[in-house]
1. Total Lys pairs in the chain closer than 24 Å by alpha-carbon, pairs eight or more apart in sequence or interchain only?
2. What does the net charge come to around W15 if you take all other residues with beta carbon closer than 11 Å to its beta carbon, with K and R at +1 and D and E at -1?
3. Treat the count of other C-beta atoms within 10 Å as a stand-in for reagent exposure and order R371, R181, R53, R70 from fewest to most.
4. Using the count of nearby Cβ atoms within 10 Å as a rough guide to exposure, how do H301, H117 rank from fewest to most?
5. From Cα pairs below 8 angstrom and at least 6 apart in sequence, can you work out the relative contact order of the chain, rounded to a whole percent?
6. Given a 10 angstrom Cα cut-off, can you work out which residue in I315, I189, I325 is the most mobile in a GNM of the chain?
7. Once you sort the root eigenvalues of the Cα gyration tensor of segment 224-347 as a ≥ b ≥ c, which label holds: rounded (a/c under 1.5), prolate (a/b larger than b/c) or oblate (the other case)?
8. About the Cα centre of the chain, what is the dipole size in debye to 20, counting +1 per Lys and Arg Cβ and -1 per Asp and Glu Cβ, all else neutral?
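A short reminder: the numbers here are calculations on the coordinates, not readings from a lab. Quick caveat, the model's predicted, so the values are computed rather than measured. In this analysis, Cβ positions are derived from the backbone assuming ideal geometry, glycine residues included, and neighbour counts consider all displayed protein chains.
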Amino acid sequence: MTPDPDLSRRVAAIWRIEGARIVATLARVVGDLTTAEDLAQDAVAEALATWPRDGVPRNPGAWLTAVAKRRAIDDWRRAQNLSEKYRLMGADLEEISEAEWQPIDDDVLRLVFAACHPVLAREAQVALTVKVVGGLDTEAIARLFLVPVPTMQQRIVRAKKALSAARVPFVVPEPAEWPARLNGVLGVIYLVFTEGYVASTGDAVLRSELAHEAVRLGRVVNRLISREPEALGLSALMELQIARFAARVDAAGDAVLLADQDRRLWDRSAIARGRELLDRADGLGRGRGPYQLQAAIALCHAQAASVESTDWDRIVLLYEMLGRITPNPVVELNRAVAVSMASGASDALELVDVLADAGALKGSHLLPSVRGELLARLGRIDEARSELFAAAALTRNEREAALLRRKADALAT
């Protein structure tokens, strides 16, 4: 049978929304991430084969989960390995309540905490979990981590092998173990939100369902661990950033730059929540970490009536502090943008050229896009157009590429 492209697109959309929960539920049941991913993909294949005949079920996520669970039972039965796993699986299918206490009543967050096991380096923890929770391909994750794709592929494969070799069970750690895993958990949530805030691929500026899922996970973490300043800071950052979503995309689905956004569309309730969360974090008196500093930068934007009235000097200072805590070329590039607004494009271009000379962000569209903007402001039009076209060629987001090309074309008129 010839695949139905409309159904394939619908299944892909369902997977983007439901995939993380399906894999998380299966990982909890079968106790192994790789097996859970394989079972989920088998269920998707079955959907593509049967839905053209039977129609898409009312709850496709539940259908996929149930099919994957039945496949697991069939596999165990064929292997004559019914023992305790089979008993537990049957109980789960019959929706019998679990006897043992589960301190994290959220399958996706259970998966994140379980995957962020200390046997893995933090980078491996986050990369492995982002792949599952965010549904991102390896290339997108590599871009988020600023590493080559082969490096990221090896990192994810090694992480899975390490968990298997160490016989790490996919179970929720005891509350006493949460602090040791918290940095990894927050890193996962942050990168999932980052992908939702600016989609790295496709033809949409935002992946709002991903961003809202990250916000939800952040809120659950703060209910579990209520006095962790960086967890509060991350939630503050996400609330302040998501407040601008309605103004960041126009009716045609194209990106709207900060200077052109209708600030009346910003969600003032989300801004108030973000400010309150940051105040709570500061009230703990432990100093600001990276997420709190980023939230403070976002609050500067949220409180400003316009780009011109934004406290750019304070934003520059906050980026300098952030760069000392977590040296990162993206932080330096963002600082250069803030410098351009505070003291001029010429000073900012010097900072960007230092990054370029060092080979930072090689292969990323971010540096040439910023450099192109700065060159345009300095009247170096031919160079600016060249940089903007180069940036458009590097990004995998079709909307972003189109915006960069429009900017370059506008400079020629």
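1. Within the chain, the lysine pair count is 10.
2. +3
3. So the ranking, lowest neighbour count to highest, is R53, R70, R181, R371.
4. H301, H117
5. Answer for the chain is 11 percent.
6. I325
7. Oblate, because a/c is 1.5 or more while a/b does not exceed b/c.
8. About 400 debye.
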